[in-house]
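Below is one structure; the comments refer to it alone.
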Amino acid sequence: MWNIDLLSLLTNSMSAKPLLSKNVVGAIPPWLPLDLCTQARQRLLAAAAVSISFYFPFAPRVVGAPPEPPLTTAQAQNAIPEAEFLRVIGDDLFAVFALAFSPDSPVIVSGSIEDTVKYWNVNTGEQRFTLSVHLGDVTSLAVSGDGNTLISGSDDRTVNLWNMRSGKLLYTLQGHQGEVKAVAISPDGKMVASGSWDNTVRLWSVETGNAIRSLGPLDDGVKAVAFSPEGRIVVSGDRDGMVKFWDVNSGEQLLSISAHSQEVNSLAFTPEGNFLITGGADGTVKVWNAENGQAVRTLSGHYLQVYAVAVTPDGQTIASAGDDRTVRLWDLASGRLLQTLIGHEKSVFALAISANGKLLASGSNDNTIRLWQLKP
């Protein structure tokens with residue numbers, strides 16, 4: 001085995017010449033972007049026929065680079081595809097961090113690095129209007145089940161409540177001492193949960209905009225929050241890999257799970273509330289029994305961190321997306337990978353599924369939203 005310096009390889013392709021017919025192991029620094037890793041791999045392959053394995057120190061396993069050959073468009077579209085590409089929205093956007101569908105109109109909203117919330121017509125891809133109040137990246141979005149209220153969380157440490165239909169600002173919720181990375185709205189539309197890097201989850205009244213209570217402090221910052229379908233529990237996903245269940249009425253911590261070896265980036269309940277899905281920086285998607293916190297299965301396929309997970313309204317399919325630029329669809333019951341959707345050119349940060357289960361949206365650091373038609 002040969003160890004290689006990937007950075008010198010990037011600047012001098014001749015450094016690969018001595019590696020003819022050798023096996024190669026490269027240690028990739030955690031701060032090295034995926035694009036540079038890919039360049040290094042391509043230069044090695046161009047220099048000679050070599051066997052390449054890259055070790056990512058920030059992931060708890062040795063993986064290929066990538067573990068499966070890059071998919072062509074034809075390969076990605078299965079004989080009976082679970083999803084088909086529809087259109088790109090917003091090719092002049094900035095990096096997209098958050099997405100949410102309106103439940104009763106052909107509208108999707110996006111939050112991005114340019115501090116704005118934008119409304120888009122999903123049928124035409126045209127932008128309808130922009131909400132500009134936040135003074136930092138819009139990191140998270142949520143829409144109430146009746147379609148009346150929009151919630152946005154931002155790195156400016158605030159949460160904004162909007163009239164979803166008119167775009168009128170209703171309240172600005174202040175109290176967090178750190179960046180707000182996650183928001184959720186209860187199924188009845190009466191309560192908002194926000195998670196922050198100040199190590200707390202805060203609950204707010206939608207009717208008054210007043211704080212109800214603070215949950216925590218936790219041991220680390222909060223990157224994801226989700227309400228259970230009946231609204232009795234809110235779950236937090238933390239930077240230390242922990243997932244915690246909280247009683248919204250008492251503020252009592254009910255359950256704590258060591259879910260991932262690194263940050264928990266995303267959470268989603270199945271519609272009946274019996275399972276919780278988590279996506280982590282360790283590159284895995286996990287399914288948990290929501291009653292007792294027991295692990296059900298681990299879905300492995302992404303080879304870099306998973307930023308977003310979502311579940312279809314029928315509870316049968318999980319969608320996940322991450323740093324490897326792919327969106328993956330999984331069968332919840334078996335854990336089988338159904339399809340890998342390609343097209344994004346950079347990391348995929350956000351996913352949303354429409355209320356009728358017909359559309360999947362993915363938002364990326366390549367400044368676009370891609371819409372996919374889900375199989376009935």
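The values are calculated or read from the model by the stated rules, or taken from the named source; none is laboratory data. Since the structure is predicted, the reported quantities are computational estimates derived from the model, not experimental observations. A quick note on method: Cβ atoms are made from the backbone with ideal geometry, for glycine too, and the neighbour counts reach across all protein chains shown. Only protein heavy atoms, including side chains, enter the accessible area calculation; ligands, DNA and RNA are left aside. Shrake-Rupley method; radii C 1.70, N 1.55, O 1.52, S 1.80 Å.
Nearest 20 debye, what's the magnitude of the dipole of the stretch 248-332 about its Cα centre given +1 on Lys and Arg Cβ and -1 on Asp and Glu Cβ?
Computed about the Cα centre, the dipole is about 160 debye.
Measure off 7 Å from each Cα along the Cα-to-Cβ vector at THR208 and SER256, then give the distance between these two points in nanometres to one decimal.
Rounded to a tenth, the inter-label distance reads 3.1 nm.
Over the stretch 136-255, average the accessible area per residue using a 1.4 Å probe and give it in Å², no decimals.
37 Å²
Between GLN177 and ASP220, with labels modelled 7 Å along Cα→Cβ, what's the label distance in nm to one decimal, could you check?
Label at GLN177, label at ASP220, 2.0 nm between them.
Going through the cross-link list LYS181/LYS358; LYS190/LYS346; LYS168/LYS358, which pairs have a Cα-Cα distance over 31 Å in this structure?
LYS190/LYS346
Scale the Cα Rg of the stretch 73-208 by the rule-of-thumb value 2.2 N^0.38 Å and send over the ratio, two decimals.
Here the Cα radius of gyration is 1.12 times the empirical estimate.
Sort out for me the Cα centre separation of the stretch 241-279 from the stretch 307-376, rounded to whole Å.
20 Å
So for the stretch 101-177, taking the charge dipole from beta-carbon charges (+1 Lys/Arg, -1 Asp/Glu), which of ALA142, ASN163, VAL107 sits furthest toward the positive end?
ASN163
How big is the stretch 241-376 in terms of Cα radius of gyration and Dmax, in angstroms?
14.5, 45
Semi-axes, largest first, in whole Å: what does sqrt of 5 times each Cα gyration tensor eigenvalue give for the stretch 174-274?
19, 17, 11
Over its Cα atoms, what ratio of radius of gyration to 2.2 N^0.38 Å does the stretch 230-308 give?
Expressed relative to 2.2 N^0.38 Å, the Cα Rg reads 1.04.
Out of the total accessible area of the stretch 201-332 (probe 1.4 Å, heavy atoms of protein only), what percent is carbon and sulfur?
So the carbon and sulfur contribution to the accessible surface is 39 percent.
Which order do the peptides 104-113, 268-277 take when ranked by the mean count of other beta-carbon atoms within 10 Å per residue, highest first?
104-113, 268-277
If you add up the charges near ASP188, with Lys and Arg at +1 and Asp and Glu at -1, over every other residue whose beta carbon is less than 12 angstrom from its beta carbon, what do you get?
Cβ neighbours under 12 Å give a net charge of -1.
Rank by packing, highest mean first: peptides 93-103, 160-170, with packing defined as the count of other Cβ atoms within 10 Å averaged across residues.
By packing density, highest mean first, the sequence is 93-103, 160-170.
Counting only other residues whose beta carbon sits under 11 Å from that of LEU255, what net charge do I get with K and R as +1, D and E as -1?
Net local charge, LEU255 excluded: -2.
List, largest first, the extents of the alpha carbons of the stretch 86-150 along their principal axes, each in whole Å.
Computed over the stretch 86-150, the largest-to-smallest principal extents equal 29, 26, 16 Å.
Can you give me the pair-distance distribution of the stretch 239-284, C-alpha pairs, 5 Å bins, whole percents?
Whole-percent P(r) values from 0 Å outward: 5, 20, 24, 25, 19, 5, 1.
Under a crude label model (7 Å from the Cα following the beta-carbon direction), how far is ALA355 from PHE94 in nanometres?
3.0 nm
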